[in-house]
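This report refers to the structure that appears directly beneath it.
Only the coordinates and a few stated rules stand behind these numbers; no lab work does. Just so you know, these numbers come straight off a predicted model, no measurement behind them. Here the Cβ positions follow ideal geometry from the backbone for every residue, glycine too, while neighbour counts run over all protein chains shown.
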């Protein structure tokens, strides 16, 4: 027992000496560990218009319908609605009017447009993609079913310029946009059948990580639309023009818009003052699109859906639809707004 006691005492002494660190200063400052420098996140890059290759796009869309012959009676108006970015209404654009194919698709309904160059789809190019035109327009009237037609109107900023033919993007600087465009599709089944309108905004959407989170931005905006109106036994279908102001507070997410709209007579001519609207929407946190509605000071009720395109939301696209009565006439209004900072 004495030997074991001596052994344990010696072991305790050894442990005690070890705990003293062999005489080293236990308060010495440790060598700091270097903090790695974070790798900066690269800013997203965006394609731009005019296109260099055929491309398919999902769209923001506004739609309405009517049934009957507007030339002889009051048509039956369908609902009007808007939809955020989706594949339900999508399109494909090409780069050359003379040889390209342009496709519009809503749900299961599809139309393909091209000028007669030996391709399987044909249409009349009723407005070419020349700098003087803000839109290029394809129109096709069925030769076997009376009143069956389809027409598509593309904002003229998507096609590549061809100097030898004068074809190229619009010279209207407010509409010569690099990230967002519009296309509008109007078609009918027959003279007395249903007709459908779809207005779309689309392009190169701002990445959610690239969305601004501070500041208020005003966008220089332009619009196009159509109004279907019935009164008594008559129907009027007019294109709509006007001025739009678009202001976005990226800190709060509030979007404010005002519209001063005019209708364009069916045969052309001086626009006729129509109505003024105000609207407001909200951008959800972390999103690049939004929804909203017309305020109660507007003469019609309706909704809007919009999104941002290009670097830091540099451009905006919005679709809208509205319904109601003005001056005793039943109304359906749809349209699209595009703009840039």
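Numbers below:
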{"read-out": "Fewest-first sequence of 180, 272 by Cβ atoms within 10 Å of each Cβ", "value": "272, 180"}
{"read-out": "Potential lengthening between residue 231 and residue 84 on full extension [0.36 nm per residue; Cα-Cα distance subtracted]", "value": "49.8 nm"}
{"read-out": "Alpha carbon centroid spacing (whole Å) that separates the range 143-207 from the range 282-328", "value": "20 Å"}
{"read-out": "Cα-Cα separations in the range 127-263 greater than 23 Å, expressed as whole percent", "value": "50 percent"}
{"read-out": "Estimated distance in nm for a label pair at residue 262 and residue 278, the labels positioned 7 Å out from Cα along Cα-to-Cβ", "value": "2.4 nm"}
{"read-out": "Over the chain, volume per residue of the alpha carbon convex hull, in Å³", "value": "270 Å³"}
{"read-out": "Nearest-ten-degree value, helix 2-19 long axis tilted from longest Cα axis of the chain", "value": "50 degrees"}
{"read-out": "Rounded FRET efficiency, nearest 0.05, which uses the C-beta distance separating residue 174 from residue 76 and R0 of 22 Å", "value": "0.05"}
{"read-out": "Cα-projected label distance for residue 161 with residue 190, points at 7 Å along beta-carbon direction, nm", "value": "4.9 nm"}
{"read-out": "Gaussian network model of the chain, Cα within-10 Å springs - most flexible of 224, 93, 297", "value": "297"}
{"read-out": "Top of 181, 86, 164 by mean-square fluctuation, Gaussian network on the chain, Cα under 10 Å", "value": "164"}
{"read-out": "Förster radius 41 Å - calculated FRET efficiency between residue 296 and residue 133 (Cβ-Cβ, nearest 0.05)", "value": "0.60"}
{"read-out": "Choice from 62, 111, 266 showing the highest fluctuation, given a GNM over the chain with Cα pairs closer than 10 Å", "value": "266"}
{"read-out": "148, 195 arranged by Cβ crowding within 10 Å, fewest neighbours leading", "value": "148, 195"}
